[in-house]
Amino acid sequence: MAKPKVAFFDFAGCEGDQLQVANLEEELLDLLGQVEVVSFREVMKEHSDNYDIAFIEGSCTRLQDEERLKQIRKTAKLVVAIGSCATIGGINSLRNDKDLDDVRKTVYGEDARLFDSYAARPIDAVIPVDAYVHGCPITKDEFLSVVKSLLLGKKPDIPTYPVCVECKKNENVCAFERGQYCVGPVTRAGCNSCCVNEGTICWGCRGLVDNPNENSEKEVLIKYGLTVDDAINKFKLYFGWQERKR
Amino acid sequence: MRVISKEDFAEFVNALIKDKSLNVIGVKAKGDKFAFGPLESASELRLDYDVTLLPPKKYFFPQRETLVTYDVTTGFAVPKAEEVKPLVIIGVHPYDIVALLHMDEIFKETKSDPYYFEKRNASIIIGINIQNMSKYCFAPQMGCAVIDYGYDLMLTDLGNRYAINIGHAKGEELLNKYAKNVTTALARDIQLVGQKKREILNMSKQKFDFSPELIPELLSKTYEKSGFWEKHSEKCLACGSCVLVCPTCYCFDVKDSTDLSLERGERIRTWDGCLLEDFAKIASGENFRPTRPTRYRHRYFKKGKYLYDRFGFISCVGCGRCSSNCLPDIANPVKLFNDMYHETKSLGVEITPAAEPSVEIQTEGNIDYVPKLATIVKKVSMTANETLFEIKLDDGSELGHKPGQFVEVSVFGIGEAPISVSSSPTKKGTFELCVRKLGNVTTKLHTLKEGDKVGIRGPFGNGFDYEFLKGKDLLFVAGGLGIAPLRSLFNYVLDNREKYGRVILLYGCKEPRELLFSEEMLALAKRDDVEFKPTVNWCPENEVWTGNIGVITTLIPQVSFDPESTYAVVCGPPIMYKFVIHDLKDRNLPDDHIILSLERRMKCGVGKCGHCQINQIYVCKDGPVFNYSKIKGVPEAL
């Protein structure tokens, strides 16, 4: 059987997720035994518009992007969103509750009129997405796990439970107990609680779980000492688009 | 009782660590908290700890454990055994020791879990009497704060020395081999230990307003109490922290992880929890405990009622980990039960201890998690989404099932799913599975070809009591895929036709193109010893249907039967049971003449993983076949 052809695309984002793929090191060769990469501008010059699986990084932030996304959807058999910007709107969505003209002026100054822009959104707000690799950035392990699932014809195993589950299994001291403020209790797991393992907090980069108890989490944040505004900001960092949709 | 100075105790621990044939674990600091971990020196030990983050069960039932390895070319195998070094765990509090004894009973019920006992049997437990108690701990109230059993050695801190109670010969041997200057305790030390133990019983800051032996009965009176569970779980984050840190929680999930060859991989068991959203969800998307209050309630019932009824113990040792790990502070059993007690009392309800349950624990042999290799010998597509697979075990053995039992089917790289056997045991050499394309396993199964390999575990479950049904009139009621398990009994009855009375089959599906076993159904219509009535919910214009149109219950008035001699055997989608049972009862069929086969998420098949639980019942083991009279009072059943 011919190896599936794989292409990478980027929209508004830092390309950090593709960097994670490029950094697969020893697993990269095993992976290339299963797929043929036909387009990946971070690591190769060649490009082909003939592909089976499209990995898309970045958010959709302007109308012109939609056309490009629709074209990718038409060509690819499977579309996979990789990284927070693509899966949940990511930190790009932070700007969505600000005045867009102000944002453009801040970023582009006098040339703002040259740069079109609209509310940042995840890929699935524009085209249907078949699979997600969450995270900011994605982890190599989960990327490989999703790719293996797709190659085997299996629905990728993305947890519906929050990061606390992994934190407990890893026997971490709860971030709240360390005097920190964490949104792990409402954030989708799958990262093996990597940030909390290292002594920091969960920022929520994998997005909200399907049915988060947001009020309870905000109450917890305030109970442990955050102001109401800070608690709301905690949610905005990564959950902006999802919260707006809910 | 013995006594050892603290210096000599440290030497003893260091001597254990030095012996590389042992794996020495102890309580160490982790930030401001404590955790069991491998010891490098006795100086790391913190025997003054209050509670550890995780209980020591992680050494016997680890967070992640390979049950089976697989290779497309060679099949399934037990993972290559790592050498199991005897584990010496130092500093276990009494409540955690009681919890291990609970786990022992749970993991050996019906069949023993070999992975658990391999490690557990090779362990030596050195306990320590509590010196500092976590503010959430209520072990004294649960009778688990001081114990006289369950340990190999039990230490009590007496200032410059430890008193040592010897609980088991293994402990004494350890002392003899590795410890120096161990003396026999003097009267004052024995007295001091007694005093310390009495002090421990008064250390808890948590207080029940009633005797905890009332818990099972209190729960029974509160199951359907309007608003109670909603109120208490309103802030529940469904994060699972309370169950993941619990020393007596044992539910698990099993997942396949394939390497990049896509041909080899591992089947891994991981901790799971009944508070998590998808815990009771099945492949069709049906979730049997979809809301936070229902899952929150299940946790308390499992601990305080279901396990009590099955094993005779309340499966809570009062360690307080659930409370201390719950951010919204709603997981404190003492708070909850006190509230339950006062609310119940305020209604003027008398609460007396429940009658002691009659506990009958049987255990025989080990669980085999390794599937047998089998071959798909025939594949017949029946509808767009359903296929009949004929399967032969590669070792030439018979499946040996009873009608109504199920098997766990493994598809390489994907996982395992429970599928009921559709063929009668009278069919020899092979067996049949009628499979709907729904989840990962069944979808992949549909892409396999004749000659391809699968894995089979089982048969599991109780099956239909086909002996008891002999001489009775049988009314089969099948909705959709419900015909799959019923067919195993139906065909058995046809093969032994003279032994049974009247045989009636009512079979309904959504539309004619979804009719399963259509050729067999055509043949049935021609038999005069079977009454067969099919129905469809609707018939699209371009299809032909001469039978009944309407839901399955519209067939019930069309058959006459004698309620005295008739037994109804019912299987279908969850929604169907209520209506069918109602209409059968309307026809005066007694409750105990209604036999049901139920579907749940039967993940392990052996009554351990917890996913298929309906209140106190394990569908995989106690079912999937139930007499309606026995489960009509089980609220989650229908």
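Counting only residues that are modelled with pLDDT under 95 and within 23 Å of B:Glu173 (Cβ to Cβ), how many does segment B:22-60 have?
Result for segment B:22-60: 0.
Kindly provide the set of residues from segment B:461-508 that are part of a strand (DSSP E or B), hydrophobic (A, V, I, L, M, F, W, C) and either in contact (Cβ under 8 Å) with a residue 40 or more places away in the chain or closer than 30 Å to B:Lys603 by Cβ (or both), ordered by number.
Within segment B:461-508, B:Leu474, B:Leu475, B:Phe476, B:Val477, B:Ala478, B:Ile504, B:Leu506 qualify.
Out of segment B:250-260, which residues are of a type in the set (A, V, I, L, M, F, W, C) and within 11 Å of chain A (Cβ to nearest Cβ)?
Hit for segment B:250-260 is B:Leu260, nothing else.
Which members of segment B:584-637 meet the condition of being surrounded by fewer than 17 Cβ atoms within 10 Å (Cβ to Cβ) and of a type outside the set (Lys, Arg)?
B:Asp586, B:Asn588, B:Pro590, B:Asp591, B:Asp592, B:Gln616, B:Asn627, B:Ser629, B:Gly633, B:Val634, B:Pro635
Which of the residues that make up segment B:416-441 are of a type in the set (Ser, Thr, Tyr), buried (at least 24 other Cβ atoms within 10 Å of the Cβ) and more than 22 Å from B:Lys281 (Cα to Cα)?
Within segment B:416-441, just B:Ser422 meets the criteria.
Any chance you could count how many residues in segment B:28-44 are buried (at least 20 other Cβ atoms within 10 Å of the Cβ) and either under 20 Å from B:Asn160 (Cβ atoms) or more than 14 Å from chain A (Cβ to nearest Cβ) (or both)?
So the answer is 2.
A:Arg104 is checked against (1) at pLDDT below 95; (2) buried (at least 18 other Cβ atoms within 10 Å of the Cβ); (3) out of contact with any Phe, Trp or Tyr (no Cβ under 8 Å at 6 or more places or on another chain) and fails just one. What number does that condition carry?
Of the numbered conditions (1) at pLDDT below 95; (2) buried (at least 18 other Cβ atoms within 10 Å of the Cβ); (3) out of contact with any Phe, Trp or Tyr (no Cβ under 8 Å at 6 or more places or on another chain), the odd one out for A:Arg104 is (3).
If the requirement is being surrounded by fewer than 16 Cβ atoms within 10 Å (Cβ to Cβ) and either outside any helix (DSSP H, G or I) or in contact with a helix residue (DSSP H, G or I) (Cβ under 8 Å, 6 or more places away or on another chain) (or both), which of these qualifies: A:Gly190, A:Gly225?
Being surrounded by fewer than 16 Cβ atoms within 10 Å (Cβ to Cβ) and either outside any helix (DSSP H, G or I) or in contact with a helix residue (DSSP H, G or I) (Cβ under 8 Å, 6 or more places away or on another chain) (or both) holds for just one of A:Gly190, A:Gly225, which is A:Gly225.
What single numbered condition from (1) within 11 Å of chain B (Cβ to nearest Cβ); (2) at pLDDT 95 or above; (3) crowded, with 16+ Cβ neighbours inside 10 Å fails to hold for A:Glu219?
(3)
Quick check on my filter: what residues within segment A:145-166 are within 8 Å of another protein chain (Cβ to nearest Cβ) and under 24 Å from A:Ile72 (Cβ atoms)?
Hits for segment A:145-166 are A:Ser145, A:Lys148, A:Leu151, A:Leu152, A:Gly153, A:Lys154, A:Lys155.
Checking B:Phe288 against (1) modelled with pLDDT of 95 or more; (2) surrounded by 17 or more Cβ atoms within 10 Å (Cβ to Cβ), which test does it fail?
It is condition (1) that B:Phe288 fails.
Suppose we keep only residues that are facing chain A (nearest Cβ under 8 Å) and in contact with a Lys or Arg (Cβ under 7 Å, 6 or more places away or on another chain) within segment B:261-293. Which one would you say is farthest from B:Pro55 (Cα to Cα)?
Top of the filtered list is B:Leu262.
Kindly list the number of the only condition in (1) out of contact with any Ser or Thr (no Cβ under 8 Å at 6 or more places or on another chain); (2) of a type in the set (Asp, Glu); (3) part of a strand (DSSP E or B) that fails for B:Asp253.
Status for B:Asp253: all satisfied but (1).
Please state which one of B:Gly404, B:Gly413 is crowded, with 21+ Cβ neighbours inside 10 Å, part of a loop (DSSP other than H, G, I, E, B) and at pLDDT below 95.
B:Gly413 is the lone residue from the list that is crowded, with 21+ Cβ neighbours inside 10 Å, part of a loop (DSSP other than H, G, I, E, B) and at pLDDT below 95.
Among the listed residues B:Thr352, B:Thr387, B:Thr375, identify the single one that is assigned to a loop (DSSP other than H, G, I, E, B), over 25 Å from the mean Cα position of the chain (by Cα) and either on the phi < 0 side of the Ramachandran plot or not acidic (Asp, Glu) (or both).
B:Thr352
Answer yes or no as to whether A:Glu142 is within 13 Å of chain B (Cβ to nearest Cβ), part of a helix (DSSP H, G or I), among the charged types (D, E, K, R) and within 27 Å of B:Cys322 (Cβ to Cβ).
So A:Glu142 fails the test.
Of all residues in segment A:228-246, how many are exposed (fewer than 15 other Cβ atoms within 10 Å of the Cβ) and touching a residue at least 40 places away in the same chain (Cβ under 8 Å)?
So the count comes out to 2.
The values are calculated or read from the model by the stated rules, or taken from the named source; none is laboratory data. Small disclaimer: the values here were computed from a predicted structure and weren't measured. Every residue, glycine among them, receives a Cβ derived from its backbone with ideal geometry; neighbour counts consider all protein chains shown.
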